[in-house]
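Participant: The structure follows.
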Amino acid sequence: MKVGGYRPRNSWLRRQLDTRWRAWLILCFAGAAVVSVLMTAFIAPRQSTVRMRYEIAELQRAIDRLEGEQRRLLLDREVLTSPPALAAELDSLGLAPLDGTRVAHLTPGGDLVTPGAKPTPTATPRRPRRSARR
Amino acid sequence: MMNAARLRWVGWALAAWACVVALRLVQVQVVQHRTWEAGSARQREHPFEVEEPRGDIVSRDGRILAGSLERVAVYANPRKIPHDSWSSVATSLSPLVGLPASTIMRQLRDHDGFFYLAKDLDPEIRDAVAKLQQRGVGTIRNERRVYPHGSLAGPVVGFINAEGDGQAGLEAFYDRTLRGLPSVYRVLQDGKKTTPTFIDLRLESEGRPGQSLAIALDCRVQEIVEQELERTVTETGAKGASAVVLDPSTGELLALASVPSYDPGHLAQSGPQDRHDRGVEDALEPGSTFKPFIVAAAISAGVLDPSEMVDCSGGGVMIANVFFHDHARYGLLPVREVLAKSSNAGAIRIAYRVGPGQLDDVIRRFGFGQPTGVELPAETRGIYRGPQSWSALSRAGLALGQEISVTPLQLAQAYAAIANGGLLMHPRLVRETRDRSGAVVTPYKPQPGVRVIPADVAARLATMLEGVVEEGTGKAAEVPGFTVAGKTGTAQRAFSGSYTAGRHVAWFAGFLPMPSPDLVIVVCVDEPVRQYWAADVAAPVFGRIAARTAILLGLEPTSGVRV
């Protein structure tokens, strides 16, 4: 005996077209738009913060690089202008070492003093001969 | 019934097990929370230190004596680089590290693990190497210590080793201050203990950049002193020479020079014998430069009137069957002339008027036999034995500057006490420490002076020392326009307990301008060959250093020849 399955047929049903899909679609779009606006409003400032942080990091890197360069140049200048280096280059620079015989100075009384110089002979008044005889 | 009872037992057992599990969870997650979290962090995180920049050493006149430059080193690890990409890695790295690709290939073949491809490169190389994104190749930040003034004040500045640890001079003494504290970061690592990225970098403890040292040394004065010492060593054929220039009112060292010297940036060019600072490490007998302290002790003890005449015994004096010769047959001399003519017999007679305890007290008060406390790690204390070790001849020896060894810095400190009205100021190098922005962190104020002799005794002694330069053995130390006070000293070099003929030390210690000195200068010439008397060797050096320094610093002259 063959037992056949029962399969209901519903071809007699005719589904009505639901005309509310446009409203649903519009509602979905509207919802998405609202969510997008909200997310944009929320994210945009953070995005600009992140962008600014990147820019700050880049600038900091540039500052570090320039500071390193400045430091290198500073040390180079120290090398070139150090007293031993200058002393070795005196002739080529047209300079001469300073010593006590080449410097004159003013005393607090306003007299010009030249170390090593001899007093001028005219500075001492000569005594009259006649008085000397006496 | 039976089934219900069994079920109940099973239920109780399960409940007990659940309780045990719950308790264990509480123990692990609540009670031992920190321990397990730390253990977990240890497994997945890797701490690493980033050294902060080392501080500078800056002179009084604003010159950088030691500074650091940021550099990078490029490393490679052949184990982590796929073999088939060695060639491309070598080609990419070649222009960055300045080595031919073939050399890099050879190095990759020769090494089994981590090695440095190149060191001391510009920091820009770091970005270029990072752009290669090659596993097994990277950069490490390091520093190069630069000494822009070469050997100028080399022994004072000192040097650091390859690990960045101070080894000598101020670099060693102030290593912790200069070095600062490293920053500690934590970064995630994978199961193979490698760090795939540095994205999740976490600062664990913030470091502190090294502080800079502002020191009292004046580069210009230091240069003058070193020039004059080198000239003297060349002219006299001396083994070496040293000099100290300090401000007696504060103890600040304007110059501390030692010849031969060394360049801390090129250590390989100098031998170990050049690397010691004669100014603080050489303990030598001071010779007649010690006589003023014998006179100071006698006047302070009230056993010598500065205006009295001293019997110089006509050429020498006999102490404990030993005859001490004088330079000439002096008879009665005023105390001022005992110093001016440097009479041995006069000084010995004065020394034997002072009791051993009183003499010892004054010598120790002047700081002999103990370190001055200057900020240099290799400073020696000199050699001075107290009265308990003295023989019958010891006071005579001390009067001649024997049985005691002093460093040039100790002698400068003692002469500074005379110049400073009897107040002893300990010499010092560092004036303040500064942070990276230049703000003062620690100012070092001079400590109040210690009175070693009464002010009137110091003033009388200083006036007597003027006589040494005006009419005595120190005439070569004269400085045009300035009144100078000082004392010569010629000592024989002692080796293995006896004096060696032909080996001498020439000293001159003095100060200017009188009557209120701004500079104390001590010159020591070790084993001059052609001439050895201090009057011919050390006094002229003092005169030249004093004249040039006085002009440079604009000291007000005390006298001069009017035009």
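Participant: Let me confirm something: among B:Leu69, B:Leu65, B:Leu25, which residue is hydrophobic (A, V, I, L, M, F, W, C) and part of a helix (DSSP H, G or I)?
Facilitator: After applying the criteria, what remains is B:Leu25.
Participant: Separate question: Being part of a loop (DSSP other than H, G, I, E, B), more than 28 Å from B:Val310 (Cα to Cα) and touching a residue at least 24 places away in the same chain (Cβ under 8 Å): is that true of B:Leu376 here? So that I can check it myself, show each step before the final result.
Facilitator: On the way: part of a loop (DSSP other than H, G, I, E, B): yes; more than 28 Å from B:Val310 (Cα to Cα): yes; touching a residue at least 24 places away in the same chain (Cβ under 8 Å): yes.
Considered against the rule, which asks whether it is part of a loop (DSSP other than H, G, I, E, B), more than 28 Å from B:Val310 (Cα to Cα) and touching a residue at least 24 places away in the same chain (Cβ under 8 Å), B:Leu376 comes out as yes.
Participant: I've got another one for you. Of all residues in segment B:181-234, how many are modelled with pLDDT under 90 and β-branched (Val, Ile, Thr)?
Facilitator: The qualifying residues number 6.
Participant: Determine if segment B:34-47 includes at least one residue that is surrounded by 11 or more Cβ atoms within 10 Å (Cβ to Cβ) and touching a Lys or Arg at 6+ places or on another chain (Cβ under 6 Å).
Facilitator: Scanning segment B:34-47, I find at least one residue that is surrounded by 11 or more Cβ atoms within 10 Å (Cβ to Cβ) and touching a Lys or Arg at 6+ places or on another chain (Cβ under 6 Å), so the answer is yes.
Participant: Related question: Of everything in segment B:232-272, what is basic (Lys, Arg) and under 30 Å from B:Arg451 (Cα atoms)? Give them in sequence order. Please lay out each step first, then the result.
Facilitator: Of the residues in segment B:232-272, the ones basic (Lys, Arg) are B:239.
Hits for segment B:232-272: nothing passes.
Participant: All but one of (1) within 17 Å of B:His83 (Cβ to Cβ); (2) among the hydrophobic types (A, V, I, L, M, F, W, C); (3) under 34 Å from the mean Cα position of the chain (by Cα) hold for B:Val137; state the number of the condition that does not hold.
Facilitator: Of the numbered conditions (1) within 17 Å of B:His83 (Cβ to Cβ); (2) among the hydrophobic types (A, V, I, L, M, F, W, C); (3) under 34 Å from the mean Cα position of the chain (by Cα), the odd one out for B:Val137 is (3).
Participant: Do you know which residues across segment B:286-306 are in a loop (DSSP other than H, G, I, E, B) and closer than 30 Å to B:Ile215 by Cβ? Write out each step before concluding.
Facilitator: Initially, segment B:286-306 is screened for residues in a loop (DSSP other than H, G, I, E, B), giving B:286, B:301-306.
The answer is B:Pro286, and nothing else.
Per-residue answers, yes or no, for (1) within 30 Å of B:Gly169 (Cβ to Cβ); (2) in contact (Cβ under 8 Å) with a residue 60 or more places away in the chain:
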| residue | (1), (2) |
| --- | --- |
| B:Val303 | no, no |
| B:Gly314 | no, no |
| B:Ser342 | no, yes |
| B:Arg353 | no, no |
| B:Arg385 | yes, no |
| B:Ser394 | no, no |
| B:Gly397 | no, no |
| B:Gln402 | no, yes |
| B:Gln413 | yes, yes |
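Participant: Can I ask one more? Among the residues of segment B:65-80, is any aromatic (Phe, Trp, Tyr) and over 27 Å from A:Asp64 (Cβ atoms)? If you could, list the steps in order and put the result at the bottom.
Facilitator: If we filter segment B:65-80 for residues that are aromatic (Phe, Trp, Tyr), which is where we start, we get B:75.
Still in the running and over 27 Å from A:Asp64 (Cβ atoms): none.
No, that holds for no residue.
Participant: Give the number of residues within segment B:390-445 that are within 17 Å of B:Cys524 (Cα to Cα), assigned to a loop (DSSP other than H, G, I, E, B) and of a type in the set (Gly, Ala, Ser).
Facilitator: Restricting attention to segment B:390-445, the residues satisfying the condition of being within 17 Å of B:Cys524 (Cα to Cα) are B:400-402, B:404-416.
Adding the requirement that they be assigned to a loop (DSSP other than H, G, I, E, B) leaves B:400-402, B:407.
Still in the running and of a type in the set (Gly, Ala, Ser): B:401.
Qualifying residue count for the region: 1.
Yes/no matrix, rows are residues, columns are (1) within 14 Å of chain A (Cβ to nearest Cβ); (2) modelled with pLDDT under 95; (3) on the phi > 0 side of the Ramachandran plot:
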residue: B:Ala13; (1), (2), (3): no, no, no
residue: B:Ser40; (1), (2), (3): no, yes, no
residue: B:Gln43; (1), (2), (3): no, yes, no
residue: B:Val50; (1), (2), (3): yes, yes, no
residue: B:Arg60; (1), (2), (3): yes, yes, no
residue: B:Arg63; (1), (2), (3): yes, yes, no
residue: B:Glu70; (1), (2), (3): yes, yes, no
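Participant: Looking only at segment B:467-513, count every residue that is free of Cβ contacts under 8 Å to residues at least 12 places away in the same chain and among the polar types (S, T, N, Q) and tell me the total.
Facilitator: Counting residues in segment B:467-513 that are free of Cβ contacts under 8 Å to residues at least 12 places away in the same chain and among the polar types (S, T, N, Q) gives 3.
Participant: I would also like to ask the following. Do you know which residues across segment B:28-51 are farther than 30 Å from B:Pro182 by Cβ and either in a loop (DSSP other than H, G, I, E, B) or among the hydrophobic types (A, V, I, L, M, F, W, C) (or both)?
Facilitator: B:Val28, B:Val30, B:Val31, B:Gln32 - these are the residues of segment B:28-51 that are farther than 30 Å from B:Pro182 by Cβ and either in a loop (DSSP other than H, G, I, E, B) or among the hydrophobic types (A, V, I, L, M, F, W, C) (or both).
Participant: Testing B:Leu7 on (1) assigned to a loop (DSSP other than H, G, I, E, B); (2) farther than 25 Å from A:Glu69 by Cα, one condition comes back false. Which one is that?
Facilitator: (1)
Participant: Additional query: In segment B:15-72, which residue that is acidic (Asp, Glu) and farther than 18 Å from B:Glu204 by Cα is farthest from the chain's Cα centre (by Cα)?
Facilitator: First pass over segment B:15-72, keeping only residues acidic (Asp, Glu): B:37, B:45, B:49, B:51-52, B:56, B:61, B:70.
From the residues that got through so far, the ones that are farther than 18 Å from B:Glu204 by Cα too are B:56, B:61, B:70.
Values: B:Asp56: 15, B:Asp61: 18, B:Glu70: 25 Å.
Per the criteria, the residue is B:Glu70.
Participant: Tell me which residues, restricted to segment B:149-163, are in a helix (DSSP H, G or I), within 13 Å of chain A (Cβ to nearest Cβ) and of a type outside the set (A, V, I, L, M).
Facilitator: The one that is in a helix (DSSP H, G or I), within 13 Å of chain A (Cβ to nearest Cβ) and of a type outside the set (A, V, I, L, M): B:Gly154.
Participant: Restricting to segment B:446-458, and then to whatever is in contact with a helix residue (DSSP H, G or I) (Cβ under 7 Å, 6 or more places away or on another chain) and outside any loop (DSSP other than H, G, I, E, B), can you tell me which residue is surrounded by the fewest Cβ atoms within 10 Å (Cβ to Cβ)?
Facilitator: Of the residues in segment B:446-458, the ones in contact with a helix residue (DSSP H, G or I) (Cβ under 7 Å, 6 or more places away or on another chain) are B:452-454, B:457-458.
Filter once more, so that each one left must be outside any loop (DSSP other than H, G, I, E, B): B:457-458.
Working: B:Val457: 20, B:Ala458: 22.
Among them, the one singled out is B:Val457.
Participant: For segment B:164-179, indicate whether the set of residues that are outside any helix (DSSP H, G or I) and of a type in the set (D, E, K, R) is non-empty. Even if it seems obvious, please write down each step before you answer.
Facilitator: Narrowing segment B:164-179 to residues outside any helix (DSSP H, G or I): B:164-168, B:174.
Imposing the further condition that a residue be of a type in the set (D, E, K, R) reduces the set to B:165.
Yes; the residues of segment B:164-179 include at least one that is outside any helix (DSSP H, G or I) and of a type in the set (D, E, K, R).
Participant: B:Tyr185 fails exactly one of the following numbered conditions: (1) of a type in the set (Phe, Trp, Tyr); (2) touching a strand residue (DSSP E or B) at 6+ places or on another chain (Cβ under 9 Å); (3) closer than 26 Å to B:Gly421 by Cα. What is the number of that condition?
Facilitator: (3)
Participant: For segment B:207-271, give me every one of the strands (runs of 3 or more DSSP E) that falls completely inside it and has 2 or more residues that are among the hydroxyl-bearing types (Ser, Thr, Tyr), buried (at least 19 other Cβ atoms within 10 Å of the Cβ) and away from every other protein chain (no Cβ under 14 Å). Reasoning before the result, please.
Facilitator: On the way: elements: B:212-215, B:240-246, B:253-259.
Here the list is empty.
Participant: Could I ask something else about it? Please specify each residue of segment B:146-185 satisfying the condition of being out of contact with any Asp or Glu (no Cβ under 8 Å at 6 or more places or on another chain) and surrounded by fewer than 17 Cβ atoms within 10 Å (Cβ to Cβ).
Facilitator: Passing the criteria: B:Asn161, B:Ala162, B:Glu163, B:Gln167, B:Arg176.
The values are calculated or read from the model by the stated rules, or taken from the named source; none is laboratory data. Note that the structure is a prediction, hence the values are computed from the model and not measured. Using ideal geometry, Cβ is built from the backbone for each residue, glycine included, and neighbour counts are taken over all protein chains shown.
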